[in-house]
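Read through the structure below, which is laid out as structure tokens, and then see the notes.
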Amino acid sequence: MLVVIKENYDDMSKAGAQQVASLVREKPDCVLGFATGSTPLGMYRELIRMHTEEGLDFSKVVTFNLDEYVGLRPSHKQSYHYFMYENLFKFINVDQRYVHIPMGMAEDIDAHCAWYEQKINEFGGIDLQILGIGANGHIAFNEPGSSLGSRTRIKTLSAKTVRDNARFFKKPDEVPRYALTMGVGTIMEAKRLLLLASGAVKADAIKATVEGPITAKYPATIVQLHRYATIIIDKEASSKLEETYL
Ligand code: GLP
């Protein structure tokens, strides 16, 4: 596990974008796993800049997103579909036919999740999976207690995640209680992982992820078992680490 500590959010975002860009240049038809949340926004802005100013070409890239809320239409402003188009896909030349995001409105959820897993396999697996981390140590929507071998499925969101998300919705009863999410096992099959975290609010989760025992209580701790995991964090997110890193 490579732990890279950057001075601030901007430097973290640029370092993350460089990893993504070098893979896209090396393998133009690579399969990228994208994440939502506030953390990767700076990295997405930098990728947009690289596309606009440097011609970074996404036309052959295949994408798979980690998760989506159940019950939200793709056009809903809080859906992860909407997020990805508004914050990245609209501004780069990704081919819509190669974009995959779980469908929160799927009628047959189990069949849809199985299809999603199958699609990832058809494209040869995910080359690089980008990850954020919840303050409670969740990755994607694999909440504490998730099976560390889990596959894409429906998950009940923890009370903490529902509370954390409430600020984005007008009324409390609009906040989704369920999500479709790649499983921890699905994520671990990606050839490389790139986990980003910023801010003191993530310091406990990062300490557990980097230095704690592997436990389903903090699903992100499983990345310790991945052979090619890079964790790029800013100083604040690193503030509780005991060892010295880069
Ligand atoms: C949500 C997403 C996660 C993300 C997490 C942290 O729960 N499902 O993929 O990592 O939020 O979000 P933020 O980056 O805004 O702290």
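The values are calculated or read from the model by the stated rules, or taken from the named source; none is laboratory data. This one's a predicted model, so the numbers in the text were calculated from it and none came from an experiment. Don't worry about glycine lacking a Cβ; one is built from the backbone with ideal geometry, like all the others, and counts go over all protein chains shown. What goes into the accessible areas is simple: the full protein's heavy atoms, side chains included, and nothing from ligands, DNA or RNA. Shrake-Rupley method; radii C 1.70, N 1.55, O 1.52, S 1.80 Å.
If you look at the Cα atoms of the chain, you get an Rg and a Dmax of 16.8, 49 Å. Sorted on the mean count of surrounding Cβ atoms within 10 Å across their residues, most packed first, peptides 21-34, 189-202 read 189-202, 21-34. Restricting the calculation to Cα atoms, the stretch 1-58 yields a radius of gyration followed by a Dmax of 11.6, 32 Å. For the stretch 122-128, just list the computed ³J(HN,Hα) in residue order, Karplus coefficients 6.51, -1.76 and 1.60, θ = phi - 60°, integers in Hz, with x standing in for Gly and Pro. Each residue's phi maps through the Karplus curve to give 4, 8, x, x, 8, 6, 9 Hz. For Lys191, a cut-off of 19 angstrom between C-alpha atoms picks up these lysines, skipping any fewer than 8 places away in its own chain: Lys27, Lys60, Lys119.
Would you work out which of Met105, Val61, Leu88 lies farthest towards the positive end of the dipole of the stretch 46-143, given +1 charges on the beta-carbon of Lys and Arg and -1 on that of Asp and Glu, about the Cα centre? The one lying farthest along the dipole's positive direction is Leu88. Between Tyr178 and Glu7, the modelled labels are 4.8 nm apart [label points 7 Å from Cα along Cα→Cβ].
Tell me what the chain gives for mean residue ellipticity at 222 nm when only DSSP H runs of n ≥ 4 count, each as -39,500 (n - 2.57), the sum divided by the residue total, rounded to 500 deg cm²/dmol. Using -39500 (n - 2.57) per qualifying helix, the result is -9000 deg cm²/dmol.
By its C-alpha gyration tensor, with a ≥ b ≥ c as the square roots of the eigenvalues, how is the stretch 65-130 shaped: rounded for a/c under 1.5, else prolate for a/b larger than b/c, else oblate? Cα axes put the stretch 65-130 in the oblate bin. For the stretch 47-133, GluC sites (Glu not before Pro) are listed when DSSP marks them as loop and at most 11 other Cβ atoms sit within 10 Å of their Cβ; the list is Glu107.
Would you work out if the stretch 118-246 is rounded, prolate or oblate? Take a ≥ b ≥ c from the square roots of the eigenvalues of the alpha-carbon gyration tensor; rounded if a/c is under 1.5, else prolate when a/b is larger than b/c, oblate otherwise. Since a/c reaches 1.5 but b/c is at least a/b, the shape of the stretch 118-246 is classed as oblate. What you get for the chain, charging only the Cβ of Lys and Arg (+1) and of Asp and Glu (-1), is a dipole of about 380 debye around the Cα centre. Annotation: amide H of Val70 within the under-5 Å range of Tyr178, Ala179, Leu180, sequence separation 5 or more or interchain, hydrogens built in the peptide plane.
Counting only protein heavy atoms and a 1.4 Å probe, the chain has 46 square angstrom of accessible area per residue. The charge dipole of the stretch 1-142, taken about its Cα centre with unit charges on the Cβ atoms of Lys, Arg (+1), Asp and Glu (-1) only, comes to about 260 debye.
With all protein chains in place and a 1.4 Å probe, the accessible surface of the chain carries 51 percent carbon and sulfur. A DSSP coil position with no more than 12 other Cβ atoms inside 10 Å describes none of the chymotrypsin sites (Phe, Trp or Tyr not before Pro) in the stretch 59-118.
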